[in-house]
Amino acid sequence: MYTFAFICLIIAQLASIGAAGYGLTQAGTADAKAASLVEKGHFLVSGGFGLASAILLYALASGDYSVEYVANYTDNALGTFYKYAAFWAGQPGSLLFWALSVAIMGSIFASTKACRSVPAKTKLWFWIFFFATTAFFATLLALWSNPFTQISPAPADGHGLNPLLQNPGMIIHPPLLFLGYGGFTIPSCMALAQALTGREGGEAWYRTTRVLFIVAWCFLTAGIMLGAWWAYMELGWGGYWAWDPVENASLIPWLIGTATLHTLVIERSRGKLSRTNVLLISLTTISGFFATFLVRSGIIDSVHAFGQGPVGIPLLVFMAFSLVITLLIVAAARKGEGELGNPLSREGALMLTAWILIILGFIILCATMWPVFSRLWSDAPMGLDASFYNRVCLPLGTFLLLLLAFGPWLSWKWGVGNAKGLAVTCLGGLLVAGLAFYLSYDQLHPLVTQFAAGAILLGCLVLGTKVFGSSEGFRAGSIGTHLGVALCAIGIAFSGPYKLTHDMVLEEGESQRIDAYEIRLKSATTGRGLDYEYLRATLEVIDRDGTVKDVLMPEKRAYDKFPGMLFSEVDVASSFGKEIYASVSGLDSRSRMVVQVSIEPLVSWLWLGSAVMSLLPLLNLRRRRANAVSATPSAVSAHQAD
């Protein structure tokens, strides 16, 4: 069976190479039959990756430890859902899921009416680029990272899944990222194909691939946000974003993709930036490969990374080749940039928004790779800590929020287009910032962020209800997404600078105060779970009036198959106000319980905003079908005009 699974990978590889090669021989023609024949290769590619994936899932679920991958990432004590989630827990499995995501997105696109309307020559080039990508993945799996390597004799039990990954967030987080990366592959390939062939009477690439563009952005957004939630709930340090290299790696394609969505509004509405958009959407996909490279090459240390492996150099070569091809195609493409409008216009605000997103991506890229760069002049690689990112990136993020707040009220040519809307937007910002100041949240930078977030919130409500002026030009999904951005910004602006943390040393019955709450250790117990031992603190959270508000039971665990390592299981008293977060540090020399308790103001607004950002862009898909009109692929820009 596992030999058959490997053969499926070879079939996907040969089908990809064969389809791409045949497409190249026909690329100079506009033969519809040749394009149709090349397109049919996606059945073999998706079938090959799909069957291989199904067999790996069967091996994981059945606990077949004769497969090395199964033995490395599962064991007899692991629950069924986590056995399936082990599919993407290791390098070979995650690469197979990456490949499957690309193949599935290609097959979905092939079945759409939009794909059938693409001119033959453009379609040929699209499938050439697409199959070159799937050929790379298949080759990577066949030569360097085969998930079906077998061992003999098979062990009676496996090594088990890292306890950090035994969390609901990690069941969903990685596949959402891969589906996002895979989804972006489709518009990237179509953009390059159309840049080579011209439009030839067909629709623009961003219209043709609009649905997958929006869906890919939603997947990637949800994946990043679930990763932040996982870090908050699983790592035990009370935060959700540490600027870890792997966190940064997934953020970079999101930033570039979001910039593309804004510049595409300019192309659609003003007919400008066509070459820029081809470059940006291609860089979005290439940066997705960079994220894969960073996790799997061992070049950077990270809590999320897989360590050193043989796939780093092939990934690096493929990225470099893809970048060179992209730059050559963009340079050779027909002129279509146009002269940009006044900075004090909606067009200028959109362009500045895109520039800030790109600059943020570039800064994060350079800072993430700084340990590598520093090796050029130092034997001791130097990394940059979270304080650097916060000093540099957070002010840019606040400026970006101000643009999102005021940009929709500018006219396309120059100046303010809707003075009443702008005035109400400012009022919303003043209300939120004023309330925060009144409640003694008086740090300057968070106040500016809160002002911008409040302005966006009220501005989105004005646009959504069409209270002032003409708001028909702004799509429901775009408005909703900016609403989610504002909610996230409020969560960050309060939970970041105003978080309170206190390390408490308690005996049973003792209590200590933090903020308005008293934390009492009701009991300290030890015990044993299915495959681990634990130390549990039962903490009572007591209000000012002496009533018990919540009971928290955080644990510190030692798993049998991970000797010498301790893992935190935090507990949280969730609230849309002040959330109470507790973790166990251990026992001191006098056997007293050491716990860390944090007050996280408005952190739940971040999770609420994340859900809004990930779901409401899909309203733009519904609007397009309902109105039966062509639309921009922008899922996030509330600057969009119909």
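The values are calculated or read from the model by the stated rules, or taken from the named source; none is laboratory data. Every value quoted in this text rests on a predicted model; they were computed, and no experiment measured them. Positions of Cβ are backbone-derived with ideal geometry, glycine not excepted, and every protein chain shown enters the neighbour counts. Ligands, DNA and RNA are excluded from the accessible area calculation, which covers all protein heavy atoms including side chains. Shrake-Rupley method; radii C 1.70, N 1.55, O 1.52, S 1.80 Å.
Within the set Lys522/Lys549; Lys83/Lys561; Lys40/Lys121; Lys522/Lys561; Lys33/Lys123, which residue pairs have Cα atoms separated by over 19 Å? Beyond 19 Å: Lys522/Lys561.
Here the range 560-612 is treated with +1 on each Lys and Arg Cβ and -1 on each Asp and Glu Cβ, and its dipole about the Cα centre works out to around 140 debye. Taking a ≥ b ≥ c as the square roots of the eigenvalues of the Cα gyration tensor, an a/c ratio of 1.5 or more together with a/b larger than b/c marks the range 18-57 as prolate.
Keeping all protein chains in place and using 1.4 angstrom, which order do Lys413, Lys420, Lys83, Lys561 fall into by accessible surface area, from largest down?
Largest to smallest exposure gives the sequence Lys413, Lys420, Lys561, Lys83.
Length gained on full extension, Phe362 to Val317: 14.2 nm, using 0.36 nm per residue less the C-alpha separation. Here the 3J(HN,Hα) profile of the range 442-448, calculated from phi with Karplus coefficients 6.51, -1.76 and 1.60 at θ = phi - 60°, is 10, 6, 5, 4, x, 5, 5 Hz, Gly and Pro shown as x. Bridgeable lysines around Lys272 (alpha carbons under 17 Å apart, same-chain partners fewer than 8 residues away excluded): Lys335, Lys413. Normalised by the number of residues in the chain, the average gap of Cα pairs under 8 Å and 6 or more apart makes the relative contact order 12 percent.
How would Tyr438, Tyr73, Tyr22, Tyr58 rank on accessible area, largest to smallest, probe 1.4 Å?
Result of the area sort, largest leading: Tyr438, Tyr58, Tyr22, Tyr73.
The 1.4 Å probe gives accessible areas that order Thr525, Thr80, largest first, as Thr80, Thr525. The portion of the accessible surface of the chain made up by carbon and sulfur, rounded to a whole percent, is 64 (1.4 Å probe; DNA, RNA and ligands excluded).
Surface calculation, 1.4 Å probe, protein heavy atoms: Ser287 sits at approximately 10 Å² accessible. Label-to-label distance for Lys413 and Leu444 is 3.9 nm, based on points extended 7 Å past Cα in the beta-carbon direction. Taking label points 7 Å from Cα along the Cα-to-Cβ direction, Ala154 and Ala331 give a separation of 5.5 nm. For the range 68-79, backbone phi angles converted through the Karplus equation (6.51, -1.76, 1.60; θ = phi - 60°) give residue-by-residue couplings of 4, 5, 5, 5, 6, 10, 9, 7, 5, 8, 6, x Hz, Gly and Pro being listed as x. Using heavy atoms of the protein chains and a probe of 1.4 Å, the accessible area assigned to Cys366 is about 40 Å².
Placing +1 at every Lys and Arg Cβ and -1 at every Asp and Glu Cβ, with all other atoms neutral, what dipole size does the chain have around its Cα centre, in debye to the nearest 20?
Dipole of the chain, to the nearest 20 debye: 2720 debye.
Summing charges over neighbours of His173, with a neighbour being any other residue whose Cβ is under 14 Å away from its Cβ, gives -3 when K and R count +1 and D and E count -1. From its DSSP helices (H runs of at least four residues, each -39,500 (n - 2.57)), the chain gives a residue-normalised ellipticity at 222 nm of -19500 deg cm²/dmol.
Rolling a 1.4 Å probe over the heavy atoms of the protein chains gives the chain an accessible area of 40 Å² per residue. For Leu483, the solvent-accessible surface with a 1.4 Å probe is about 50 Å², rounded to the nearest 10.
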